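**Q** Structure below; questions to follow.
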Number of protein chains: 2
Amino acid sequence: MAKVTPKIQSGFMELLPAEQILFDKYRKIIQETFEEYGFVPQDTPIVENANILFAQIGEDTKKEIYRFAKGDDDLGLRFDLTVPLARYVAMYSNSLTFPFRRYQIGKAFRGERPQRGRFREFYMCDIDIIGNGSLSLVNDAEIPAVIYQVFKKFDLGEFVIRINNRKILNGLVDSLGLLEKVSEVLRIIDKLGKVGQETVRQMLIENVAMKAPDADKIIEFVKIVGTNKQIIEKLEALDINNEMFANGINELKEVLEKAISFGVPEKNLQIDLSIARGLSYYTGTVYETIMADERIMGSVCGGGRYDNLAESFSDQSFPGVGISLGLTRLFSQLLSDGVIVTGAATPAKVLVVPMETSTPFAMEVAGQFRELGVPTELYTEDDKFKKKLIYANKIGVPYVAIIGEDEINKKKVALKNMATGKQELVDVKTAAKKVLG
Amino acid sequence: MAKVTPKIQSGFMELLPAEQILFDKYRKIIQETFEEYGFVPQDTPIVENANILFAQIGEDTKKEIYRFAKGDDDLGLRFDLTVPLARYVAMYSNSLTFPFRRYQIGKAFRGERPQRGRFREFYMCDIDIIGNGSLSLVNDAEIPAVIYQVFKKFDLGEFVIRINNRKILNGLVDSLGLLEKVSEVLRIIDKLGKVGQETVRQMLIENVAMKAPDADKIIEFVKIVGTNKQIIEKLEALDINNEMFANGINELKEVLEKAISFGVPEKNLQIDLSIARGLSYYTGTVYETIMADERIMGSVCGGGRYDNLAESFSDQSFPGVGISLGLTRLFSQLLSDGVIVTGAATPAKVLVVPMETSTPFAMEVAGQFRELGVPTELYTEDDKFKKKLIYANKIGVPYVAIIGEDEINKKKVALKNMATGKQELVDVKTAAKKVLG
């Protein structure tokens with residue numbers, strides 16, 4: 001029979017067992033932390049009606065959607081978890097309790113040209129807090145607290161959550177009489193890291209028709225650095241008489257102060273006036289998360305405050321604040337750059353290995369280990385003993401419980417520590433204790 | 001602005017928070033049990049190349065595939081987790097260690113006409129053990145042991161794993177000289193529950209051209225009931241001189257005996273000669289799982305032994321045995337028929353409620369609870385105290401930690417048990433202990 005070549009699309013991450021176990025470790029940390037903060041799980045369909053997906057979307061993303069017909073239905077794969085959230089909140093608002101705090105860890109799909117670090121299928125890990133009509137600024141301070149906990153538990157070295165407030169720049173641009181051009185100004189400023197100050201200044205003058213002294217003011221503003229306290233002082237020293245600008249500073253001050261009460265150390269939460277997060281979607285607080293390890297490039301986790309989540313789907317106002325961690329991209333970088341390395345290729349902590357064929361006693365022992373809380377695998381095949389140990393080495397199981405005639409007679413196991421090679425004859429209870437450490 | 005009506009496709013299950021938390025509880029039991037038995041996690045793409053999906057598929061399923069083009073690529077959504085497993089094993093066989101024991105809990109898609117209990121997007125929870133060239137029968141006995149543990153932990157009342165071996169019927173049909181028609185015979189027998197004995201007998205005579213006495217023999221065979229021991233005795237008493245038939249009986253005996261060594265009580269594992277699992281795919285042991293609760297209809301979990309997993313993708317032989325639990329369908333039945341009821345709509349065990357506005361102390365208390373292992377939510381909004389307690393009731397959080405002036409001064413919380421209404425002034429450590437019970 002002619003064989004079909006087994007392959008998958010490029011841009012789709014698929015892992016070998018030891019890699020998958022490692023991926024799941026990080027995924028579990030995220031999920032547990034989200035739940036620790038009382039976020040409720042959400043699991044929306046992978047497939048949405050196309051008119052939902054297209055309701056609030058940029059032109060670039062539109063092209064990337066996997067869209068298809070089934071019968072009379074015009075469908076597509078979700079490209080993020082925010083549109084499904086907006087649709088969900090609008091659809092079930094009468095059944096939900098607000099503030100609605102949900103997390104979703106799920107796959108999203110973008111059919112873009114594959115390139116290093118970009119995926120067509122990828123996990124997003126999102127938290128959002130949605131108010132009904134209003135939502136207090138305390139929530140803006142809690143989001144970095146959650147993210148701080150996640151990255152602390154990741155234990156991947158230093159990291160900084162960069163924070164800003166869109167009202168500050170909006171207010172500044174407003175004070176220059178250019179508020180209607182603020183998105184364009186934002187897009188230009190967003191290029192700062194790539195093209196440098198001088199080009200940004202030129203672009204402001206040429207593309208937005210900004211006066212040179214005003215462009216200088218923007219550059220002077222974006223250049224403000226220092227400790228959080230210094231930045232706030234420098235902003236206030238700009239002496240800009242604009243309400244939006246003042247509100248932005250006050251919000252930023254309050255969010256910082258409350259985030260510290262929530263337990264975020266000051267060194268992990270730094271004002272960065274250059275981050276704007278291109279999307280016009282955000283209206284106040286914005287976040288990005290940067291890891292100190294230079295091998296991990298760019299923001300690994302970003303989000304912010306938005307005035308109205310579901311404006312495409314509902315007349316009600318649902319302000320919210322949220323953040324999204326791109327786990328597939330982060331994990332792929334961590335692994336390929338050697339920041340993390342794989343361990344065992346099995347969740348089992350002990351492999352029960354019968355010397356000869358699988359005896360009832362070996363099966364009982366496996367059951368006893370599990371009852372004692374030890375994830376356990378039984379070696380099932382009639383192979384030579386040596387082959388069984390090779391298998392144990394290959395899957396990287398930390399302990400092997402060998403069962404030969406002597407062990408059967410004594411109702412014990414020969415517990416072998418695979419790292420040290422040390423072996424001892426013990427009963428299953430003692431063995432379980434050793435395995436669980 | 002014109003609004004898009006927020007809705008989803010029928011046949012796609014989407015849950016409210018309390019329902020989702022309940023769903024996740026069952027999903028977690030499944031996952032933890034699979035890992036307890038040393039199965040490694042697998043997470044293949046939702047999207048596969050169409051030629052992979054179409055490689056080994058029946059005509060009925062073909063029509064149900066969500067298929068689409070993206071650029072030059074002919075793609076589709078996976079309709080089960082077995083085809084991706086076959087593709088994966090063929091693709092990475094050099095990197096995998098055999099026997100390869102994997103589980104996958106993931107969504108599959110079938111665009112069939114929606115009807116009660118049928119879903120277009122649904123979770124499959126699959127375990128399979130794949131050998132390279134050969135695979136011992138011990139694995140056939142371990143599968144029911146895993147499923148027994150899962151349903152025991154589900155705690156949804158009595159259940160029976162029905163077991164059979166395809167070689168028995170194949171051998172019987174072979175002894176009648178009709179082996180090439182065995183799939184047709186199987187399909188007819190599979191209708192037994194729906195159409196009854198007499199119709200099955202007629203169909204055997206008319207559709208397979210079976211002689212009347214031979215059809216009677218098949219009916220006599222399918223009617224065999226009793227304890228496992230009685231059934232085996234009755235099968236042996238049929239005195240059919242056929243090697244395949246004898247092998248089938250011996251395999252069934254061995255699997256039963258070993259499953260009992262693995263800890264499956266006899267009453268939970270019963271031979272049922274009428275189950276065949278239509279798919280020509282299975283070649284030996286087959287399973288179905290039936291719940292005693294009459295509200296849960298049909299098999300909730302089925303599978304079996306197959307000779308060659310990846311024959312469409314590889315020249316190598318990969319025999320395997322596996323089982324699949326359809327969680328979406330099961331959960332939907334459990335919930336809609338009132339077998340299970342929803343509880344809290346939050347993973348938090350305590351809600352910290354400031355009497356007035358959110359104070360730093362309230363935020364600190366929330367952090368302390370979390371450090372003590374208590375999933376904790378802080379009430380963030382500046383609402384009236386009464387509204388805060390209404391919120392607590394609505395989300396069904398078991399405890400509320402109230403913080404007023406007195407509590408701030410004493411550095412304590414007023415812990416209120418929401419079920420009993422009892423309230424007491426305690427420090428956070430004592431409160432955490434009470435909450436964790």
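Every number in this text was worked out from the coordinates using simple rules, so none of it is lab data. Because the structure is a prediction, the values reported are computed rather than measured. Don't worry about glycine lacking a Cβ; one is built from the backbone with ideal geometry, like all the others, and counts go over all protein chains shown.
**Q** Using alpha-carbon pairs under 8 Å, 6+ residues apart, how would you state the relative contact order of the range B:1-152 in percent? Each step should come with its number before you reach the end.
**A** Numbers: 173 pairs, mean separation 41.1, N = 152.
Contact order relative to length: 27 percent.
**Q** Quick check on the protein assembly as shown: take the gyration tensor over C-alpha atoms, sort the square-rooted eigenvalues as a ≥ b ≥ c, and tell me if it's rounded (a/c under 1.5), prolate or oblate.
**A** Here the protein assembly as shown falls in the prolate category.
**Q** Here is a follow-up. What is the distance in Å between the Cα centroid of the range A:148-199 and that of the range B:233-288?
**A** Taking the Cα centre of the range B:233-288 as reference, the centre of the range A:148-199 is 67 Å away.
**Q** Additional query: Taking 8 Å as the Cα distance limit and 6 or more residues as the minimum spacing, I'd like the relative contact order of chain A as a percentage.
**A** 16
**Q** So, one more: Rounded to the nearest 0.05, what FRET efficiency do A:Val195 and A:Phe385 give with R0 = 51 Å and r taken as the Cβ-Cβ distance? Could you check?
**A** 0.20
**Q** To one decimal place, what Kirkwood hydrodynamic radius in Å is obtained for the range B:267-367 from all pairs of distinct Cα atoms?
**A** Evaluated over the range B:267-367, this radius sits at 18.5 Å.
**Q** Only bridges with both residues in chain A count here: give the DSSP antiparallel percent, nearest 5.
**A** Expressed as a percentage, antiparallel bridges in chain A total about 80.
**Q** Please check chain A for the longest run free of GluC sites (Glu not before Pro) that are loop-located per DSSP (anything but H, G, I, E, B) and have at most 12 other Cβ atoms within 10 Å.
**A** Within chain A, the longest run free of exposed GluC sites (Glu not before Pro) spans A:1-157.
**Q** Kindly flag which residue pairs out of A:Lys422/B:Lys153; B:Lys25/B:Lys394; A:Lys28/B:Lys258; A:Lys25/A:Lys422; A:Lys349/B:Lys433 have an alpha-carbon separation exceeding 24 Å in this structure.
**A** Values: A:Lys422/B:Lys153 36 Å; B:Lys25/B:Lys394 20 Å; A:Lys28/B:Lys258 35 Å; A:Lys25/A:Lys422 28 Å; A:Lys349/B:Lys433 30 Å.
As for pairs spanning more than 24 Å Cα to Cα, those are A:Lys422/B:Lys153; A:Lys28/B:Lys258; A:Lys25/A:Lys422; A:Lys349/B:Lys433.
**Q** While we're looking at this one, here's another question. Nearest to the axis that maps chain A onto chain B: list the chain A residue whose Cβ wins, with the distance in whole angstrom.
**A** Smallest Cβ distance to the axis, with its residue: A:Phe68, 2.
**Q** Once you charge only the Cβ atoms, +1 for Lys and Arg and -1 for Asp and Glu, what is the size of the charge dipole of chain A about its Cα centre, to the nearest 20 debye?
**A** It works out to roughly 1480 debye.
**Q** If you don't mind, another one. Quote the charge dipole size of the range A:362-437 about the Cα centre in Debye, to the nearest 20; the model charges only the Cβ of Lys and Arg (+1) and of Asp and Glu (-1).
**A** Dipole of the range A:362-437, to the nearest 20 debye: 320 debye.
**Q** Between B:Lys3 and B:Asp60, what length in nm is gained on full extension when 0.36 nm per residue of separation is reduced by their alpha carbon distance?
**A** Length gained between B:Lys3 and B:Asp60: 16.7 nm.
**Q** With contacts defined as alpha carbon pairs under 8 Å and 6 or more residues apart, what's the relative contact order of the range B:113-260 in percent?
**A** Relative contact order for the range B:113-260 comes out at 37 percent.
**Q** Please compute the average number of Cβ atoms from other chains found within 10 Å of each residue's Cβ in peptide B:92-102.
**A** Mean shielding count: 4.
**Q** So which trypsin sites (Lys or Arg not before Pro) in the range A:311-408 pass both tests, a DSSP loop state and at most 15 other Cβ atoms within 10 Å of the Cβ?
**A** Sites meeting the loop and neighbour criteria: A:Lys384.
**Q** Further question on the same structure: Quick one, could you list the DSSP H helices from chain A stretching 18 Å or more along their long axis (Cα atoms) with average Kyte-Doolittle hydropathy of -0.5 or above?
**A** A:138-154, A:243-261
**Q** Find the percent of Cα-Cα distances in the range A:308-381 that exceed 16 Å, and round it to a whole number. Write out the running numbers ahead of the final one.
**A** Details: 1904 of 2701 pairs.
Here the long-distance tail beyond 16 Å is 70 percent of all Cα pairs in the range A:308-381.
**Q** In addition: Pick out, in residue order, every one of the trypsin sites (Lys or Arg not before Pro) in the range B:69-153 that is DSSP loop and has at most 10 other C-beta atoms within 10 Å; say none if there are none.
**A** B:Arg116
**Q** Sum up the charges of everything whose Cβ sits under 9 Å from the Cβ of B:Leu75, counting Lys and Arg as +1 and Asp and Glu as -1, but leave B:Leu75 out.
**A** On the way: positive: B:Arg67, B:Lys70; negative: B:Glu48, B:Asp73, B:Asp74.
The answer is -1.
**Q** Would you be so kind as to identify which of A:Asn164, A:Asn247, A:Tyr66 lies farthest towards the positive end of the dipole of chain A, taking Lys and Arg as +1 and Asp and Glu as -1 on Cβ and the Cα centre as origin?
**A** Value computed over the given set: A:Tyr66.
**Q** What number in nm² do you get for the range A:12-73 if you take the convex hull of its Cα atoms and divide its surface by four?
**A** Projected over every direction and averaged, the Cα hull of the range A:12-73 covers 6.9 nm².
**Q** I need the trypsin sites (Lys or Arg not before Pro) found in the range A:1-66, filtered to DSSP loop residues with at most 14 other beta carbons within 10 Å of theirs.
**A** Details: sites: A:Lys3, A:Lys7, A:Lys25, A:Arg27, A:Lys28, A:Lys62, A:Lys63; in loops: A:Lys3, A:Lys7.
Counting only loop positions with at most 14 other Cβ atoms within 10 Å, the trypsin sites (Lys or Arg not before Pro) in the range A:1-66 are A:Lys3, A:Lys7.
**Q** Now for a separate question. Need the list of lysines near A:Lys70 for cross-linking: C-alpha distance under 28 angstrom, and skip anything on the same chain fewer than eight residues off.
**A** The qualifying lysines are A:Lys7, A:Lys62, A:Lys107, B:Lys3, B:Lys7, B:Lys62, B:Lys63, B:Lys70, B:Lys107.
**Q** Need one value for A:12-23: mean number of C-beta atoms belonging to other chains within 10 Å of its residues' C-beta atoms.
**A** Working: counts 5, 2, 9, 5, 6, 11, 2, 0, 6, 3, 0, 2.
Other-chain Cβ atoms within 10 Å of each residue's Cβ, averaged: 4.
**Q** How compact is the range B:105-170 by the rule of thumb for globular proteins, expressed as Cα Rg over 2.2 N^0.38 Å? Intermediate results must be reported in sequence, preceding the final value.
**A** Details: Rg = 15.9 Å, N = 66, 2.2 N^0.38 = 10.8 Å.
For the range B:105-170, the normalised Cα radius of gyration is 1.47.
**Q** What translational diffusion coefficient, to the nearest whole µm²/s, does chain A have by Stokes-Einstein, given a Kirkwood radius computed over alpha-carbon pairs, a temperature of 25 °C and 0.890 mPa s viscosity?
**A** 97
**Q** Restricting to DSSP H runs of at least four residues, report the calculated mean residue ellipticity at 222 nm for chain B, -39500 (n - 2.57) per run over all residues, nearest 500 deg cm²/dmol.
**A** The helix contribution divided over chain B gives -12500 deg cm²/dmol.
**Q** First select every other residue whose beta carbon is under 11 angstrom from the beta carbon of B:Ile127; then total the charges, Lys and Arg +1, Asp and Glu -1. Walk me through the numbers on the way to the answer.
**A** Values: positive: B:Arg101, B:Arg102; negative: B:Glu35, B:Asp126, B:Asp128, B:Glu142.
Surrounding charge for B:Ile127 is -2.
**Q** Considering just Cα atoms, how many Å³ per residue does the convex hull of the range A:333-437 enclose?
**A** Output value, Cα hull per residue: 109 Å³.
**Q** Let me ask something additional. What aspartates and glutamates does B:Lys410 reach when the alpha-carbon gap must be under 15 Å and sequence neighbours fewer than 8 apart in one chain are set aside?
**A** B:Glu364, B:Glu424, B:Asp427
**Q** Rounded to whole Å and ordered largest first, report the semi-axes of the equivalent ellipsoid of the range B:168-325 derived from its Cα gyration tensor (root of 5λ). Could the numbers behind the result be given before it?
**A** Numbers: eigenvalues 114, 84, 63 Å².
Working from the Cα gyration tensor, I get semi-axes of 24, 20, 18 Å.
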